[in-house]
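What follows is a set of notes on a single structure, which appears directly below.
The values are calculated or read from the model by the stated rules, or taken from the named source; none is laboratory data. Note that this is a predicted model, so its numbers are computed, not measured. Because the Cβ atoms are built from the backbone with ideal geometry, glycine has one as well, and the counts that use them run over all protein chains shown. Only protein heavy atoms, including side chains, enter the accessible area calculation; ligands, DNA and RNA are left aside. Shrake-Rupley method; radii C 1.70, N 1.55, O 1.52, S 1.80 Å.
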Amino acid sequence: MMKRYECMQRLGAQLDDELVILSLGGAVDEWYNAAPHMREGSLFQQQLGCVTGEALGLAIGLPNRRIVSLDTDGGLLFDLGILATLGNEKPENLFVVVWDNESYQSIGGPKTHTASGTVNLAEIARGCGIEQAFVVRDLDEFEDHCRRGLGAKEPYVIVAKTDGILQPGISRKHSDGREDKYIFVRHVEKTEGVSIMGPSEHN
Amino acid sequence: MKKEAVDAVISGLKQAGVEVVCYLPDSLLKELYPALDADPDIRTVQVTNEGEGAAICGGVFLSGKRAALIMENSGLRASVEHLARLGLGAGIPVIMIMSHRGDLGENNWWAIPHGITMEPILDALRTPYRIVKQTDEISQAIQDSYTWSYNAYHHSAVVLSGGIVR
């Protein structure tokens with residue numbers, strides 16, 4: 001079984017100017033530590049069922065920028081319809097990694113529907129017309145899929161089967177969702193040369 | 001929905017700088033959706049539920065472009081979870097335009113809940129709204145909604161009601 005933290009290190013090593021939207025739970029602290037160079041370019045949120053949707057919105061708004069969604073089995077199961085929308089919209093700049101540890105890790109590890117072995121999120125994605133959708137269980141294969149997914153001109157979904165063990169000894173990120181949003185928005189403003197949260201008018 | 005009202009919505013969206021519209025089609029605004037799809041300046045995204053639409057609109061906000069979520073007011077119930085997390089949790093605004101199902105005069109029993117729940121849900125989400133009943137008020141209401149949300153960094157809504165949708 002792969003370790004999510006090691007997967008994140010392999011993915012992070014391939015990232016530079018991409019923008020990342022990520023899910024809630026332990027993955028937040030792990031990503032904060034596994035890819036420290038991506039902190040400003042990552043939106044750390046606690047938003048079950050919003051992650052890949054937000055990433056699609058970002059991908060539509062910034063068609064020349066590669067967007068990475070780091071979703072989870074629990075989060076994607078909450079909002080499966082987004083896969084149908086991805087299948088129809090076919091964004092050319094969106095790479096989705098689903099960390100599938102078959103559990104709701106952030107609340108202590110009760111199982112999700114993928115734990116039964118009968119529910120396959122990559123098959124669901126393929127059924128939505130996302131042809132590049134794969135279950136990955138090997139670290140080197142994961143790295144290879146990341147390389148392909150980051151260069152794909154169509155939506156690319158990896159369901160990464162990982163153990164449910166939180167990386168020990170990592171520091172907690174202690175900013176909240178609002179501070180994280182400002183950090184992310186300022187990074188987008190700086191790198192895209194746009195104003196998103198600008199000054200008020202004086203009148 | 002008359003053509004003048006459809007034109008007023010699209011005009012208001014353009015005046016507000018909107019380039020992306022997410023929608024789940026409904027009956028009262030049914031003439032609006034094909035008009036949006038046909039407009040070369042607006043990218044439309046049909047979604048599977050309004051919560052997903054709220055999330056996509058939130059992502060568009062983060063890109064620096066402007067989005068709208070258009071739906072029946074029943075869609076508010078489907079999107080409460082997403083709206084609460086985006087708006088109250090992170091200050092990511094979603095601007096909504098919704099039809100007013102269940103208002104006095106409603107002649108469908110199944111639409112009664114939509115009217116009863118709309119305003120309490122908007123209030124629970126601390127989301128200001130304007131109920132518009134005249135076509136000539138639509139465009140300004142939409143522009144005002146964007147102005148408010150881009151200063152508050154929170155959701156707001158325009159409810160299309162009365163003769164606009166009847």
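Summary of values
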read-out	value
Residues located in region B:4-33, provided they are over 26 Å from B:G115 (Cβ atoms) and open to solvent by 30 Å² or more (accessible area, probe 1.4 Å)	B:D7, B:S11, B:K14, B:Q15, B:G17, B:E19
Odd one out for A:M8, checked against (1) within 11 Å of chain B (Cβ to nearest Cβ); (2) under 17 Å from A:L150 (Cα atoms)	(1)
So B:G89, is it modelled with pLDDT under 95 and more than 30 Å from B:E106 (Cβ to Cβ)	yes
Single residue of A:G53, A:G57 found to be without any contact (Cβ under 8 Å) to a residue 12 or more places away in the chain, assigned to a helix (DSSP H, G or I) and within 8 Å of chain B (Cβ to nearest Cβ)	A:G57
Residue among A:G41, A:G87, A:G25 that alone is within 14 Å of chain B (Cβ to nearest Cβ), on the phi > 0 side of the Ramachandran plot and touching a residue at least 24 places away in the same chain (Cβ under 8 Å)	A:G25
Residues located in region B:116-142, provided they are assigned to a helix (DSSP H, G or I) and either over 18 Å from B:G12 (Cα atoms) or within 14 Å of another protein chain (Cβ to nearest Cβ) (or both)	B:I116, B:T117, B:M118, B:E119, B:P120, B:I121, B:L122, B:D123, B:A124
Helices (runs of 4 or more DSSP H) (entirely within region B:1-100) containing at least 2 residues that are at the interface with another protein chain (Cβ under 8 Å from one of its Cβ atoms)	B:50-63, B:75-83
Any pair with Cβ under 8 angstrom, 6 or more apart, that starts in region B:30-56 at a residue that is at pLDDT 95 or above and of a type in the set (F, W, Y) and ends at one that is open to solvent by less than 70 Å² (accessible area, probe 1.4 Å) and assigned to a strand (DSSP E or B)	B:Y33/B:Y23; B:Y33/B:T44; B:Y33/B:I70
Conditions (1) in contact with a helix residue (DSSP H, G or I) (Cβ under 8 Å, 6 or more places away or on another chain); (2) under 30 Å from A:V20 (Cβ atoms); (3) of a type in the set (A, V, I, L, M, F, W, C): number failed by B:A152	(1)
Any hit, region B:114-129, residues being closer than 23 Å to A:Q47 by Cα and touching a His at 6+ places or on another chain (Cβ under 6 Å)	yes
Selection status of B:G87, within 29 Å of B:L62 (Cβ to Cβ) and touching a residue at least 40 places away in the same chain (Cβ under 8 Å)	yes
Yes/no for A:E54 being open to solvent by 10 Å² or more (accessible area, probe 1.4 Å) and under 30 Å from B:D41 (Cβ atoms)	no
Residues of region A:120-156 classified as in contact (Cβ under 8 Å) with a residue 60 or more places away in the chain and charged (D, E, K, R), total	6
Among the candidates A:N64, A:N88, residue that is surrounded by fewer than 19 Cβ atoms within 10 Å (Cβ to Cβ) and assigned to a helix (DSSP H, G or I)	A:N88
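Residues checked against (1) surrounded by fewer than 19 Cβ atoms within 10 Å (Cβ to Cβ); (2) at pLDDT 95 or above; (3) touching a His at 6+ places or on another chain (Cβ under 9 Å):
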{"position": "A:C7", "(1), (2), (3)": "no, yes, no"}
{"position": "A:A13", "(1), (2), (3)": "yes, yes, no"}
{"position": "A:D16", "(1), (2), (3)": "yes, yes, yes"}
{"position": "A:L19", "(1), (2), (3)": "no, yes, yes"}
{"position": "A:S23", "(1), (2), (3)": "no, no, no"}
{"position": "A:A35", "(1), (2), (3)": "no, yes, no"}
{"position": "A:G41", "(1), (2), (3)": "no, yes, yes"}
